[in-house]
1. Going by the conditions given, is residue 353 more than 17 Å from the chain's Cα centre (by Cα), buried (at least 22 other Cβ atoms within 10 Å of the Cβ) and in a helix (DSSP H, G or I)?
2. Return the residue satisfying two criteria in turn: it lies in segment 25-53 and is surrounded by fewer than 18 Cβ atoms within 10 Å (Cβ to Cβ), free of Cβ contacts under 8 Å to residues at least 40 places away in the same chain and within 24 Å of residue 387 (Cα to Cα), and of such residues it is nearest to the chain's Cα centre (by Cα).
3. Are any residues in segment 118-135 in contact (Cβ under 8 Å) with a residue 60 or more places away in the chain and part of a helix (DSSP H, G or I), and if so, which ones?
4. Quick check, is residue 109 more than 15 Å from residue 38 (Cβ to Cβ), touching a residue at least 40 places away in the same chain (Cβ under 8 Å) and not in a helix (DSSP H, G or I)?
5. I need every pair where a residue in segment 1-17 that is within 21 Å of residue 362 (Cα to Cα) has its Cβ under 7 Å from the Cβ of a residue that is modelled with pLDDT under 95 and surrounded by fewer than 17 Cβ atoms within 10 Å (Cβ to Cβ), sequence separation at least 6 or different chains.
6. Determine whether segment 247-261 contains at least one residue that is touching a residue at least 40 places away in the same chain (Cβ under 8 Å), outside any helix (DSSP H, G or I) and buried (at least 24 other Cβ atoms within 10 Å of the Cβ).
7. So which residues in segment 369-400 are in a strand (DSSP E or B) and closer than 30 Å to residue 36 by Cβ?
8. Exactly one of these conditions fails for residue 15: (1) closer than 30 Å to residue 434 by Cβ; (2) surrounded by 14 or more Cβ atoms within 10 Å (Cβ to Cβ). Give me its number.
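The values are calculated or read from the model by the stated rules, or taken from the named source; none is laboratory data. In this text, all values refer to a predicted model and were calculated from it rather than measured experimentally. Positions of Cβ are backbone-derived with ideal geometry, glycine not excepted, and every protein chain shown enters the neighbour counts.
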């Protein structure tokens with residue numbers, strides 16, 4: 001049961017939990033809101049293949065036309081809608097899905113080709129710019145939409161259309177004579193092809209995914225040269241032309257195409273592309289043997305990302321220009337400090353990669369990062385009502401970039417990605433395997449969420465319930481219902497947990513890579529049990545090599561920030577606030593705030609101070625560190641980072657505060 005897009009249907013999330021509330025907002029507001037935007041902007045009708053004024057517009061980011069992603073915007077909305085429709089009837093949403101599918105089918109060319117831009121705007125130029133123009137990326141999202149549509153409706157109305165397109169790709173791309181020896185500039189189709197292969201068991205889909213993955217970065221793959229160079233010359237372009245997102249010509253690392261994946265030593269380039277690529281790599285070595293080099297590379301790049309290039313919120317990508325990774329330990333918090341991008345889709349991509357790795361290696365280090373992203377860099381990207389979104393998730397605001405959300409974006413990948421994730425989040429909570437012959441089942445619990453899991457093992461049913469207020473508190477009550485199936489459970493114990501216990505007491509409760517095993521024998525005697533994880537505020541320190549010298553407050557899996565609405569005296573986006581690691585912190589449980597959320601607010605009652613900027617010396621340095629003492633602040637209030645920019649205010653916010661000496 002590898003894919004959350006399939007397994008989520010077995011999970012019902014409790015409505016009054018944090019994730020339950022976000023899912024309710026998505027079904028009640030986000031689906032319809034995004035549908036209205038698709039119609040208002042022209043995306044909804046784009047598959048009618050009629051001319052739209054935006055097609056004449058000068059690109060905001062050259063050479064990418066502003067409409068280039070419209071295929072995927074529609075596809076991702078269809079996909080997200082189909083996930084919610086599997087668990088809730090919404091006639092208007094269902095009708096829109098039907099109409100969009102009809103338009104997509106009618107837009108397909110006689111040979112199977114399906115793309116808005118190259119059918120309407122530049123006919124005759126298909127597959128001439130794989131590096132920049134996102135044809136295959138768009139196809140990948142159409143594949144995922146078709147799989148979700150098939151799961152909902154049980155027919156091949158959309159899937160057969162998309163498979164015809166994929167069959168054209170299988171004939172067009174590959175190592176054979178007469179085939180194009182290329183691959184997409186933006187990975188996505190690779191992970192979609194692997195999902196399509198699992199659904200259909202058509203070997204050519206697996207072969208094409210494998211080819212795209214292993215051919216990537218081949219410096220001599222096309223007539224002894226890099227494919228992107230040959231492709232550029234074939235269309236009459238200079239391979240040294242520099243797109244707006246390149247810092248220098250031929251920045252192949254932007255596409256993770258500077259070397260084969262197996263040879264890449266550090267994670268580089270556009271962060272979303274890197275996550276989608278590695279997700280497909282992890283899926284490939286799960287599906288078939290013979291890829292030990294790719295497996296080793298995936299672990300190596302994961303470690304580099306987590307240890308040297310990830311923010312405390314789980315966000316990745318420090319550089320705005322290429323929306324991606326910078327140097328090791330280059331992790332400024334905001335624009336005023338030199339960067340910080342932390343794109344929403346990238347954090348979702350980290351969750352996708354972690355989930356895939358857990359299928360072959362049940363290791364809590366992957367789950368810890370998955371949870372870190374979920375409750376911080378991901379959930380912060382959508383407002384409580386589900387109608388406003390963030391593309392960039394900086395850790396510190398500035399005059400130029402306030403902490404705020406937007407209604408929509410020209411490149412609108414993030415809002416429907418939130419929809420897709422919330423639709424399938426049940427598949428991230430746990431995974432399970434069954435052996436009906438031996439009447440046994442194994443459940444691995446990755447995330448703690450108020451939810452119920454139901455699945456069949458042979459003719460019998462297994463039910464596991466979680467009752468919890470996580471991430472506000474660390475108590476999780478489990479109820480197992482399984483009369484005839486022997487069920488074993490493995491529970492993840494977070495790496496940040498200072499203490500934990502299981503009640504009734506579990507003999508020999510030893511951890512193995514962050515998970516504790518509960519045997520079927522013990523569960524038969526104790527089908528109701530409780531996991532208690534200690535929740536208390538803790539201080540996170542920035543790495544010395546990052547040169548940021550900050551401290552951050554976290555509680556459980558949640559990272560905290562300060563906002564001007566709670567600390568209305570702030571004028572400089574908290575840049576002058578100092579925080580002692582020995583500070584005293586008080587907790588306050590806010591039940592049903594004005595915004596509808598319950599959360600835990602934290603207040604530093606001792607240990608916060610304000611730097612006295614007037615005490616500067618008339619030199620480019622200081623002869624003593626007296627500045628760092630600061631003027632004591634009576635109170636400094638923190639709220640969860642995911643809760644930011646929901647209550648008004650002036651958009652001043654910060655996560656990491658300068659460490660007081």
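1. Against the criterion (more than 17 Å from the chain's Cα centre (by Cα), buried (at least 22 other Cβ atoms within 10 Å of the Cβ) and in a helix (DSSP H, G or I)), residue 353 does not qualify.
2. The residue in question is 36.
3. If the condition is that a residue be in contact (Cβ under 8 Å) with a residue 60 or more places away in the chain and part of a helix (DSSP H, G or I), then 119, 120, 121 are the ones that fit.
4. In short, no.
5. Sorted first by the residue in segment 1-17, then by its partner, the pairs are 7/1.
6. Yes - at least one qualifying residue is present in segment 247-261.
7. Correct list: 382, 389, 392.
8. Condition (2) is where residue 15 drops out.
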